[in-house]
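For reference, the structure is listed below as structure tokens.
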Amino acid sequence: MTKQANLQENIMNMRAIVEEYLQGSNMRAQGPWQLYAKASFIFSFLIITYFLALYFGSKSYISLLVLSSLYGFAMAIVQFNIMHDGSHRSFSNKEWINKITSSIIMIAGASPNLWRIKHVKLHHGAPGVFGTDTDIDQGPIFRFHKDSRSRWYHRYQHLYALPLYCCLNLYWTPRDIYLARKNKELRMDVFIAISLNIIFQIIIPLIFLQNILKVIIFFLVYSFTLGVIISLVFVPAHTCNIVRMFSKSECDNLDFMTQQVMATADFNPQSRLLNFITGGLNNQVTHHLFPWICHLHYPNIQPLVEKFCQEHNIQYHKFPSFSQGILDHFRYIRMMGKSE
Ligand SMILES: [Zn+2]
């Protein structure tokens, strides 16, 4: 048996192990009631923080700052726990429910169809592969991959990364308008997303706050909080010193599982708190191998995956804590900015 055939057999064996776990579990792979309960709680939290920010924000600037930031945090965990699972069709086994839950990204001003193309198809299809994975190819702004062109200002990228991560949500709208310009269906998607963003982040706040300066503060604090949390949860798992990145040609001899595992890092994968907040994105390796399984299963599947990788000499990467993963990401981009 060739090495490649052996690795393919390994993948099938690992999937069989996870299937066996699922059959013994009292929780469905997609759409268990526990996920609906969690999603209801988190979505209620979003609505409560929104109206608290608008009500108390009209009374004091301190309340406006604190509660707008809390609203940004709530929006981020809604996207991790509800939208992200919906976009992978792991929220439910009913397609219309996945469609609705993945569309929640519209209230933050982004197109769900473009998210599916960029995240589900391009990123999950080939994580860490330059030229395919758009998460590691940031154009001229950042240099995350050795094949990306080096520019003089990249030596400062570890310094300007955090302010730009804060602006991620502000960047979604012009990016989506540009990407959707030649596709009628996507244009409609983007139009609805921009309209909802204006209604929820500008018009309704204007009615409550009755002060343009306060609306600007509300919008910017919410956006910055949402942007930095989403960036720091998604980006470092594939751009840090312990994972592998690939040129397209380097993937020719790698099977799906090895490439996914080598390009991905976990952050304290057994932390129930991180799993709750990030919607299982601290278990990135498990998510990349089993994106169709809802994230509530990840803490149980992760030890099975790690054990399997150890037994089959596949490099498994994990940081003991979230903060160590973030620090390593900034060390990595500083190194990439200095190298030619
Ligand atoms: Zn994903």
Requested in this report: Determine if the stretch 176-198 includes at least one residue that is within 28 Å of Met336 (Cα to Cα), at pLDDT 95 or above and assigned to a helix (DSSP H, G or I).
Outcome: no
Requested in this report: Scan the stretch 80-101 and report the pairs whose first residue is under 23 Å from Ile229 (Cα atoms) and whose second residue is away from the ligand (no atom under 11 Å from the Cβ) and among the basic types (Lys, Arg), with Cβ atoms within less than 8 Å and a gap of 6+ or a chain change.
Outcome: Asn81/Lys38; Gly86/Lys99
Requested in this report: Return the residue satisfying two criteria in turn: it lies in the stretch 16-33 and is part of a helix (DSSP H, G or I) and touching a residue at least 60 places away in the same chain (Cβ under 8 Å), and of such residues it is farthest from Asn275 (Cα to Cα).
Outcome: Ile17
Requested in this report: Tell me which residues, restricted to the stretch 243-257, are of a type outside the set (A, V, I, L, M) and either crowded, with 17+ Cβ neighbours inside 10 Å or farther than 24 Å from Leu296 by Cα (or both).
Outcome: Arg244, Phe246, Ser247, Lys248, Ser249, Glu250, Cys251, Asp252, Asn253, Asp255
Report summary line: Contact list, first residue from the stretch 34-56 and of a type in the set (Phe, Trp, Tyr), second anywhere and part of a helix (DSSP H, G or I) and surrounded by 18 or more Cβ atoms within 10 Å (Cβ to Cβ), beta-carbon distance below 6 Å, six or more apart or interchain, is Phe45/Ala74; Tyr50/Tyr71; Phe56/Leu67
Query raised in the report: Which number in (1) at pLDDT 95 or above; (2) in a loop (DSSP other than H, G, I, E, B) marks the one condition that Tyr50 misses?
Result: (2)
Query raised in the report: Looking at Gln260, Gln270, which is the one that is within 23 Å of Asp85 (Cβ to Cβ) and surrounded by fewer than 17 Cβ atoms within 10 Å (Cβ to Cβ)?
Result: Gln270
Report summary line: Screening Ile293, Ile333 for residues that are in contact (Cβ under 8 Å) with a residue 24 or more places away in the chain, among the aliphatic types (A, V, I, L, M), surrounded by 20 or more Cβ atoms within 10 Å (Cβ to Cβ) and part of a loop (DSSP other than H, G, I, E, B) leaves only Ile293
Query - Odd one out for Asp85, checked against (1) farther than 18 Å from Val235 by Cα; (2) at pLDDT 95 or above - result: (1)
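If we keep just the residues of the stretch 240-292 that are of a type in the set (Phe, Trp, Tyr) and within 13 Å of the ligand (Cβ to nearest atom), which is nearest to His317 (Cα to Cα)?
Filtering the stretch 240-292 down to residues of a type in the set (Phe, Trp, Tyr) leaves 246, 256, 267, 276, 290, 292.
With the extra rule that they be within 13 Å of the ligand (Cβ to nearest atom), the set shrinks to 290, 292.
Working: Phe290: 17, Trp292: 21 Å.
Taking the candidates together, the pick is Phe290.
Which is loosely packed, with under 14 Cβ neighbours inside 10 Å and closer than 17 Å to Tyr55 by Cβ, of Ile207, Ile216, Ile212, Ile199?
Details: Ile216 fails: closer than 17 Å to Tyr55 by Cβ; Ile212 fails: closer than 17 Å to Tyr55 by Cβ; Ile199 fails: closer than 17 Å to Tyr55 by Cβ.
Being loosely packed, with under 14 Cβ neighbours inside 10 Å and closer than 17 Å to Tyr55 by Cβ holds for just one of Ile207, Ile216, Ile212, Ile199, which is Ile207.
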Query raised in the report: Which residue pairs have Cβ atoms under 7 Å apart, sit 6 or more places apart or on different chains, and have a first residue in the stretch 109-131 that is closer than 23 Å to His145 by Cα and of a type in the set (Gly, Ala, Ser) and a second that is within 14 Å of the ligand (Cβ to nearest atom) and modelled with pLDDT under 90?
Result: Ala126/Asp133
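The values are calculated or read from the model by the stated rules, or taken from the named source; none is laboratory data. Just so it is clear, the structure is predicted and the values come from calculations on it, not from any experiment. Cβ atoms come from the backbone with ideal geometry, glycine included; neighbour counts cover every protein chain shown.
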